[in-house]
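The values are calculated or read from the model by the stated rules, or taken from the named source; none is laboratory data. Keep in mind that this is a model prediction, so the values were computed, not measured. Here Cβ is always computed from backbone atoms with ideal geometry, including for glycine, and neighbour counts include all displayed protein chains. Each accessible area value is taken on the protein alone, full model and side chains, heavy atoms only, with ligands, DNA and RNA left out. Shrake-Rupley method; radii C 1.70, N 1.55, O 1.52, S 1.80 Å.
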Amino acid sequence: MAKAKKVVRRAWTKDDVRKMKTMAKAKSGAAKIAKALKRTPGATTVMAAKLGVSLSTRA
């Protein structure tokens with residue numbers, strides 16, 4: 001039986017938040033922002049919601 005993949009959580013740095021806000025303002029889309037930050041789209045969307053940042057749905 002294959003081993004389950006271990007979840008590794010990374011804290012959000014000020015640079016990560018700044019980059020996300022900049023890309024969101026440019027309407028880059030959640031998937032593209034997540035890839036740039038090396039995070040999952042879900043984690044990116046949740047953090048954006050916590051900060052009150054609107055992400056475009058464009059990929």
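Given the whole protein assembly as supplied and a 1.4 Å probe, what does the accessible area of S56 come to in Å², nearest 10?
Its heavy atoms expose roughly 30 Å² to the probe.
Over the chain, give the accessible area per residue in Å² for a 1.4 Å probe, as an integer.
Values: 4920 Å² over 59 residues.
Accessible surface, normalised per residue, equals 83 Å².
Out of the total accessible area of the chain (probe 1.4 Å, heavy atoms of protein only), what percent is carbon and sulfur?
59
Of the listed values (i) 46, 15, 10; (ii) 36, 25, 12; (iii) 45, 24, 18, identify the label whose number matches Cα extents along the principal axes in Å calculated from this model.
Calculated Cα extents along the principal axes in Å: the matching label is (iii).
Could you pull out the pairs from K6/K27; K5/K25; K5/K32; K3/K50; K27/K50; K5/K27 whose alpha carbons sit more than 29 Å apart here?
Details: K6/K27 32 Å; K5/K25 34 Å; K5/K32 24 Å; K3/K50 33 Å; K27/K50 18 Å; K5/K27 32 Å.
Table pairs above 29 Å Cα-Cα are K6/K27; K5/K25; K3/K50; K5/K27.
Over the chain, calculate the relative contact order: mean separation of alpha carbon pairs under 8 Å at least 6 apart, over the residue count, as a percent.
34
Rank by packing, highest mean first: peptides 42-48, 8-14, 21-27, with packing defined as the count of other Cβ atoms within 10 Å averaged across residues.
Numbers: 42-48: 16.4, 8-14: 8.1, 21-27: 14.1.
Highest mean packing first, the order is 42-48, 21-27, 8-14.
Roughly what angle does helix 14-25 make with the longest principal axis of the chain, taking Cα atoms, 0 to 90 degrees, to the nearest 10?
Orientation of helix 14-25: about 60 degrees from the principal axis.
Of T45, A26, T13, which is farthest towards the positive pole of the stretch 1-49's charge dipole, taken about the Cα centre with +1 and -1 on the beta-carbons of Lys, Arg and Asp, Glu respectively?
So the residue furthest toward the plus end is T13.
Along Cα→Cβ, 7 Å out, is where each label goes; now give me the distance between the ones at V17 and V46 in nm to one decimal.
So the two model labels end up 1.7 nm from each other.
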